[in-house]
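The values are calculated or read from the model by the stated rules, or taken from the named source; none is laboratory data. Since this is a predicted model, take the numbers as computed values, not measurements. A quick note on method: Cβ atoms are made from the backbone with ideal geometry, for glycine too, and the neighbour counts reach across all protein chains shown. Accessible surface is based on the protein model in full, side chains and every heavy atom, while ligands, DNA and RNA are left aside. Shrake-Rupley method; radii C 1.70, N 1.55, O 1.52, S 1.80 Å.
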Amino acid sequence: MRDATPAPDADTRALLQQIAARLTAERPQHPMRESIRTALALTFATRRHGYGTERAATAEEQLLAAAPVVEDGLTRQQYADLLRDLAGGGR
C-alpha cells in the first residue's frame, strides 16, 4: 500500500514556484545538488516569514517535506520542473 503524502498548502506551493523560478533563471543546465535544495528552502522561507520566526521554521520544514530529495544527474531546470509539477503550476 502506498503512503499518501498530503498535498502542500498554498504557502508551500507558492514557495515551490518561487524556488523553481530561481533555479530556471540561474544556471539551469548546471547540476542540482541536495545542498542547494536545503539552502533554498531556508532562504525562501526566511524571506517570506522573517528571520528566526516560528513560521519561517515551519515553512522550511514543509518545503523540505514537499520537495523531493535530489537524484544524481538532475539539472537545476529538471528539478525546477519537478517542483512546478508538485506545486500544481505545470511547466
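Under the simplified labelling scheme, the ALA7-ALA57 pair shows an inter-label distance of 3.0 nm, with each label point 7 Å from Cα along Cα→Cβ. The fraction of accessible area contributed by carbon and sulfur in the chain is 53 percent, rounded to a whole number (1.4 Å probe; ligands and nucleic acids excluded). Dipole magnitude for the chain: computed about the Cα centre from +1 point charges on Lys and Arg Cβ and -1 point charges on Asp and Glu Cβ, it is near 340 debye. Applying the criteria of a DSSP loop state and at most 12 other Cβ atoms within 10 Å to the chymotrypsin sites (Phe, Trp or Tyr not before Pro) of region 7-87 yields TYR51. Under a crude label model (7 Å from the Cα following the beta-carbon direction), how far is SER35 from ALA14 in nanometres? Rounded to a tenth, the inter-label distance reads 3.1 nm. Which label belongs to the value computed from this structure, given these candidates for Cα extents along the principal axes in Å: (1) 131, 9, 5; (2) 37, 34, 22; (3) 33, 31, 22? It is the one labelled (2). Taking every protein chain into account, the accessible area of the chain amounts to 62 square angstrom per residue (probe 1.4 Å).
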